[in-house]
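Visitor: Take this structure first; my questions come after.
The values are calculated or read from the model by the stated rules, or taken from the named source; none is laboratory data. Note that the structure is a prediction, hence the values are computed from the model and not measured. Accessible surface is based on the protein model in full, side chains and every heavy atom, while ligands, DNA and RNA are left aside. Shrake-Rupley method; radii C 1.70, N 1.55, O 1.52, S 1.80 Å.
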Amino acid sequence: MTIFAGIIELTTNELSLNARTALKAIMEEDIQQKCSFEYTHDNVYCINFDSGAYQAPAIQQCNEGFTLVVGDPIISQGISRSRTIDVMDLHSEFKHGVPKSLAKARGVFSGIHFNYASNKCYLFTDKLGLRPVYYYQKSGLFIFSSVFSYFEKIPFIDLEEDFISICETASFTYPLGIKTTYKNIKLFRAGEMLTVENEQVLSDIYWDWTSIAAAQDKAESDLHQQAFDTFDDAIRLRLGDEKNVFAFLSGGLDSRCVTAGLKSHVDTIHTFNFSKEQSQDSEFASLYSQHLQSNHHEIRVKKLYYPNWSQLISEQLANIDLINADLPKYPQKVWSGDGGSVGAGFVYLDDEIINQLELGLVDKAIENFLKKNKTGIPFAFISKSQCNNPRTIIHESVISEIAGMDRVPTEKKLYLFLLLNDQRRHLVTHFETIAQHRIELMLPFFDSDFLATMLSIPIKKALNHRFYMGWFNLFPEFVRMCPWQTYPGHLKCPLEIPANLSLQWESGQNTNIHKNNDDANFVIHLILNNPSVRRYISTPLVLFAMYLHKLNLRPYPHLVKFMTTLSKYIKNS
């Protein structure tokens, strides 16, 4: 299963035909075909689409109810494990109460169980909340969907914008916590289950990341081995009976670890690199593919700034010609190193920030964290009628997020903040557009047992890829026989790096005067034609800044970014 959505009328026993028809039309417009599953019962309506990526059902029905899952829970761990078996087990447990096996799940998934007799509905997501479920609740109506954009197309709900969340989005590229850019739409927490029954919506957290114990007494070499073994197990469990695979391959460490782990389990690896000419990304991936002995595909692009990677590889897979013997059994499954940089490499943090946290200087550490990662909003241009102190909006949002982490050592709170926010929202674009590209990513770095291992490590041993390199050295020698990209300030690759190659993290944004002119014109047009936007800003200051930007006298890229974000969510009214 790939996408699911539904509506529950909380206050009556009947759901209007118009509501059901509207939601179904939205999904079928997205998937460009009929829904795979549809259920209607008095006040409950649920629909689903299955792209066929897993080639196995993820829905169980009986005379008592149904259980439907998107993604793969990875609960059973035997050689013959499958998500079908997992869904069968979940369905059986739900009939007798809340399933305990959710706490054993290692995968990326979400789903629903509905009991016909009790009219009780359970909605749940994985331990990190990576496979999203969003929900709307107002005026007796409860709507859920694994695709956020569906809500924006529903004509009968209240899409009141949330300005603080919009500021967070402009700053981080995503809202924090359960918030979305609309006040009445929320995102499931990590490891959350909602129970909908008798006009009530109750929340339960079946997995708590703050309860992970620190690995204080283990030798570092033992922790390296534990991480390596857990990662290898994460690959094995996701691989199943596949012997030929498709995989992303960059010039960095994460995809190198994934493909190296795959090599010991499969016959053929087809690797794909999307990068610019004369870049470390392209050159190092090409060199490593020779040691890996993969069938390597290089796709060169002029610009590579936050693309939809899944769409890129979907289009490439549609056009390649492979011998049938080398074709994956599950060609819509693609292996990815997503999650490695933050989860295992501890990027965005450094010794200075952690030292401040250890000393209890939490406000100072957050200020330092935001500054070093160039995270913030152009507070001088925000109207004080909307916020008493625009300067502190983002700082206070981060404080609010870590406030509930009482059981976590203070020095680890920003790492957990990143897991529960940056990483939890990391694949939003992938899941929002999954109906178009129909790719299911295999994500061993997001394996919950692997992340639990990372969270247990003393954080100073893990910063700047220090711990990462320890377990990386347990891979076969061929993975270290050619250079790899490293993050600025992190442990450097010991091999010689050619000086004429660009870095993967150079944005490639066009900053010439023509783009400045276009950006300024866009913002000026927005201000003049959308009175709703003017409520949130100091209009004279923004207009003056845009004229300076337009004439290339002083650039205001962060203001342009902020105004562009406002334009997406503040509708003209």
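Visitor: Can you tell me the accessible area per residue over the stretch 1-110, all protein chains present, probe 1.4 angstrom, in square angstrom?
Guide: On the way: 4530 Å² over 110 residues.
Value returned for the stretch 1-110: 41 Å² of accessible area per residue.
Visitor: Just to be sure I understand: of the beta bridges DSSP finds with both ends in the stretch 189-307, what percent are antiparallel, rounded to 5?
Guide: 35
Visitor: Continuing with this model, one more query. As a test of reading the structure, rank 569, 348 by solvent-accessible area (1.4 Å probe, protein chains only), most first.
Guide: Values: 569 40, 348 100 Å².
So the residues, ranked largest to smallest area, are 348, 569.
Visitor: Here's something else I'd like to know. Probe 1.4 Å, all protein chains in place: accessible area of residue 544 in Å², nearest 10?
Guide: Accessible area of residue 544: about 130 Å².
Visitor: Here's another thing I want to ask about it. Compute the Rg/Rh shape ratio of the stretch 430-573: radius of gyration over Kirkwood radius, all on alpha-carbon atoms.
Guide: Ratio of gyration radius to Kirkwood radius: 1.13.
Visitor: State the percentage of accessible surface on the stretch 149-294 attributable to carbon and sulfur atoms; use a 1.4 Å probe and exclude ligands, DNA and RNA. All intermediate terms of the calculation are to be shown ahead of the outcome.
Guide: On the way: 2390 of 5390 Å².
It is 44 percent, rounded to a whole number.
Visitor: If you roll a 1.4 angstrom probe over the protein chains with everything in place, what fraction of the accessible area of the stretch 430-487 belongs to carbon and sulfur, to the nearest %? Before the final figure, lay out the partial values.
Guide: Numbers: 820 of 1460 Å².
Roughly 56 percent of what the probe reaches on the stretch 430-487 is carbon or sulfur.
Visitor: Then there is this: Among the lysines, which have Cα under 23 Å from the Cα of residue 153 when same-chain residues fewer than 8 positions away are ignored?
Guide: The qualifying lysines are 24, 34, 138, 179, 183, 186, 568, 571.
Visitor: Accessible surface of residue 329 in the full protein assembly, 1.4 angstrom probe, to the nearest 10 Å²?
Guide: Approximately 100 Å² of residue 329 is accessible to the 1.4 Å probe.
Visitor: Also: What are the principal axis extents of the Cα atoms in the chain, in Å, biggest first?
Guide: Taking max minus min along each principal axis of the Cα atoms, the chain gives 69, 65, 53 Å.
Visitor: With every protein chain left in place, what is the accessible area per residue of the stretch 352-490 in square angstrom, probe 1.4 Å? All intermediate terms of the calculation are to be shown ahead of the outcome.
Guide: Numbers: 5460 Å² over 139 residues.
Per residue, the stretch 352-490 has an accessible area of 39 Å².
Visitor: Measure off, as a whole percent, the carbon and sulfur share of the 1.4 Å-probe accessible area of the stretch 346-407, all protein chains present.
Guide: Values: 1630 of 3450 Å².
Ligands and nucleic acids excluded, carbon and sulfur reach 47 percent.
Visitor: Turning to a different aspect of this structure: Work out how far the C-alpha atoms of the stretch 335-467 reach from end to end along every principal axis, then list the three figures in whole Å, largest first.
Guide: Ordered largest first, the stretch 335-467 gives principal extents of 45, 39, 24 Å.
Visitor: Still on this model: Calculate the length of the line joining the C-alpha centroid of the stretch 164-224 to that of the stretch 328-398, in whole Å.
Guide: Comparing the Cα centres of the stretch 164-224 and the stretch 328-398, I get a distance of 15 Å.
Visitor: Please list 42, 449 from largest to smallest accessible area, probe radius 1.4 Å, with all protein chains kept in place. Don't skip to the answer; put the middle values down first.
Guide: Details: 42 95, 449 60 Å².
The most accessible residue leads, giving 42, 449.
Visitor: Further question: Please give the per residue accessible area of the stretch 525-566, computed with a probe of 1.4 Å over protein heavy atoms only, in Å². Write out the running numbers ahead of the final one.
Guide: Working: 2190 Å² over 42 residues.
Averaged over the residues of the stretch 525-566, the accessible area is 52 Å².
Visitor: What is the pair-distance distribution P(r) of the stretch 72-224, computed from all Cα-Cα distances in 5 Å bins starting at 0, with each bin given as a whole percent?
Guide: Bins of 5 Å from zero give 2, 8, 15, 17, 17, 15, 11, 8, 4, 2, 1, 0 percent of pairs.
Visitor: Among the listed pairs 104/461; 263/333; 372/412, which are separated by more than 20 Å between their Cα atoms? Walk me through the intermediate numbers first.
Guide: Numbers: 104/461 27 Å; 263/333 16 Å; 372/412 17 Å.
Over 20 Å apart, Cα to Cα: 104/461.
Visitor: May I ask you to give the average projected area over all directions of the convex hull of the Cα atoms of the stretch 119-193, in nm² rounded to one decimal?
Guide: Details: hull surface 21.6 nm².
Computing the convex hull of the Cα atoms and averaging its projections yields 5.4 nm².
Visitor: Using a 1.4 angstrom probe on the protein heavy atoms only, line up 513, 459 by accessible area, largest first. Numbers along the way, then the final one.
Guide: Working: 513 85, 459 5 Å².
If we order 513, 459 from most to least accessible, we get 513, 459.
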